[in-house]
Structure formats: C-alpha cells, structure tokens
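A.B. asks: Just passing along the structure, written as structure tokens.
The values are calculated or read from the model by the stated rules, or taken from the named source; none is laboratory data. Here the structure is a predicted model, which is why all the values come from computation and not from measurement. Cβ atoms come from the backbone with ideal geometry, glycine included; neighbour counts cover every protein chain shown. When the accessible area is computed, the model is the full protein with side chains, heavy atoms only, and any ligands, DNA or RNA have been set aside. Shrake-Rupley method; radii C 1.70, N 1.55, O 1.52, S 1.80 Å.
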Amino acid sequence: MKKIGILSDTHGCWDERFAQHFAQCQEIWHAGDIGSEEVVEKLERIAPLRAVAGNIDGLPFRRMFGVWKDFSTEGVAVSMTHIGGYPGKYAPGVKFKLETKHPQIFVAGHSHILKVMFDRQLQTLYINPGAAGLYGWQAERTLIRLTLDAGVIKDLEVIELAKQR
C-alpha cells in the first residue's frame, strides 16, 4: 500500500504546506511546470519524486524527467504528462497513447483547473491536480492525495490551499 501526493504547476513556488500534506506519502508525482530546482529538491526530501517537464521547464528538466512518463506502482499502471487535455478533449496524440498503454490513472497538468473524472471509454481515472503555485488565475491552489493498494485506487482527497498574494 502506498500513499501518493500529486501536484502540478508549482511554477517555482515552494509552500511548506506541501511537506505537511505529503509527509505520509511514499511517492510524489509532479505533472509539470515545476519551475525551479528548489521545488524538486524539497519534494525529493519528502518522498521519491516522479515528474514530467512542463512547457515552462527548460532543457535541464526535460532531460531529467522527460515530457511523458509511463510507470506502474502498487499494481496500478500510470501515464503522466503536462499538456494532456481531458476526457473528450485530449491534446493531440494523447488519446492514442492512452489507448496503447491502458493506464488505470492518467495525470496531466497545465490548465490550472482541478479535475478528477473517470473516462469510461478508456477505463482510466483522469486526474489534473490543478495548480499548486502562485502563478496563474486560479482562485484556489490544490493538491491531491490518494492511496494505491494492490491495484486498487482509494481514499482520493483534494487539498485546498488558499492562494497567497
């Protein structure tokens, strides 16, 4: 059983509440627009980090993380990218990759819009954790936490962080 912390669009912003909310997590997933090495280093101090580079992340992050990640943990197949769209409006090429890979979870960022929905056609749980950073128009900054247990996804929580100005 693993507790997973999921975030996106930090845009270089570190918030000590990330550490507080992810303290019991065994992994952290960052869906791009990381924005700084400081964010990477601080997240890695909490738990192992799986991340993808976003459109604001330069070549060093693209080399370090790539822009698409497929992996499996606790019996759950996961695909992650930054610009993925969402069920019914996937970004170009994304639906084909999902049809090929058959992940149980697809994580994307970019829109700054928190969205969790089940894609019945692809039998995939779509997760966009919204934006955790200060940059952008979002009224609420959000994180997601969930548990993976022998192929089962459970206990999904949305954590709201008031936007600090």
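A.B. asks: Tell me the label only: which of (i) 17.1; (ii) 15.5; (iii) 18.8 is Kirkwood radius over Cα pairs in Å as calculated from this structure?
C.D. replies: (ii)
A.B. asks: Right, another one. Quick check: with the 1.4 Å probe, what order do Phe96, Phe65 take by accessible area, largest first? Mind showing how you got there, number by number?
C.D. replies: Details: Phe96 145, Phe65 20 Å².
Largest to smallest exposure gives the sequence Phe96, Phe65.
A.B. asks: Moving on. Might you work out the accessible area of Glu38 for me, using a 1.4 Å probe with all protein chains in place, and round it to the nearest 10 Å²?
C.D. replies: Approximately 80 Å² for this residue.
A.B. asks: Would you mind getting the accessible area per residue of segment 100-165, heavy atoms of the protein chains only, 1.4 Å probe, in Å²?
C.D. replies: Numbers: 3340 Å² over 66 residues.
On a per-residue basis, segment 100-165 sits at 51 Å².
A.B. asks: Can you compute 3J(HN,Hα) from phi for each residue in segment 116-124, using the Karplus curve 6.51 cos²θ - 1.76 cosθ + 1.60 with θ = phi - 60°, rounded to whole Hz and x for Gly and Pro?
C.D. replies: These are the phi-based 3J(HN,Hα) values: 10, 8, 9, 8, 5, 5, 9, 6, 10 Hz.
A.B. asks: Still on this model: List the trypsin sites (Lys or Arg not before Pro) within segment 72-140 that DSSP assigns to loop and that have no more than 15 neighbouring Cβ atoms inside 10 Å. Can you show the working numbers first?
C.D. replies: Working: sites: Lys89, Lys95, Lys97, Lys101, Lys115, Arg120; in loops: Arg120.
Here the sparse-neighbourhood loop sites are Arg120.
A.B. asks: Too long at a 25 Å Cα-Cα cut-off: which of Lys95/Lys115; Lys42/Lys89; Lys3/Lys89? Walk me through the numbers before you get to the answer.
C.D. replies: Details: Lys95/Lys115 17 Å; Lys42/Lys89 34 Å; Lys3/Lys89 29 Å.
Distance filter (> 25 Å) returns Lys42/Lys89; Lys3/Lys89.
A.B. asks: Choose one answer from Asp149, Asp33, Asp57: the residue with the largest mean-square fluctuation in a GNM of the chain with alpha-carbon springs under 10 Å.
C.D. replies: Asp149
A.B. asks: Restricting the count to DSSP beta bridges whose residues both fall in the chain, what percent are antiparallel, rounded to a multiple of 5?
C.D. replies: Values: 28 of 41 bridges.
Just about 70 percent of them are antiparallel.
A.B. asks: In addition: As a test of the formula, what do you get for the chain when each DSSP H run with n ≥ 4 contributes -39,500 (n - 2.57) and the sum is divided by the residue count, at 222 nm and rounded to the nearest 500 deg cm²/dmol? Provide the component values of the computation, followed by the final result.
C.D. replies: On the way: 4 runs with 32 residues, N = 165.
Helices in the chain give a 222 nm mean residue ellipticity of -5000 deg cm²/dmol.
A.B. asks: Over the chain, what is the relative contact order in percent, taking alpha-carbon pairs closer than 8 angstrom and at least six residues apart? The partial results should precede the final answer.
C.D. replies: Values: 407 pairs, mean separation 39.2, N = 165.
Reported as a whole number, the value is 24 percent.
A.B. asks: Compute the convex hull volume of the Cα atoms of segment 11-52, divide it by the residue count, and report the result per residue in Å³ as a whole number. Display every interim value, and only then the final one.
C.D. replies: Details: hull volume 2.4 nm³, N = 42.
Dividing the Cα hull volume of segment 11-52 by its residues yields 58 Å³.
A.B. asks: Is segment 67-165 rounded, prolate or oblate when judged by the Cα gyration tensor, a ≥ b ≥ c being the square roots of its eigenvalues, rounded requiring a/c under 1.5 and prolate requiring a/b larger than b/c?
C.D. replies: Details: a/c = 2.19, a/b = 1.38, b/c = 1.58.
Oblate is the answer for segment 67-165, as a/c is 1.5 or above yet b/c matches or exceeds a/b.
A.B. asks: Moving on. What part of the accessible area of segment 9-165, given as a whole %, is carbon or sulfur when the probe is 1.4 angstrom? Each step should come with its number before you reach the end.
C.D. replies: Values: 3910 of 7500 Å².
Summing carbon and sulfur atoms, their accessible area is 52 percent of the total for segment 9-165.
A.B. asks: Moving to a separate point now. How would Leu122, Leu59, Leu43 line up by accessible area, probe 1.4 Å, largest first? Write down the numbers at each step before the final one.
C.D. replies: On the way: Leu122 25, Leu59 95, Leu43 0 Å².
I get Leu59, Leu122, Leu43, largest accessible area first.
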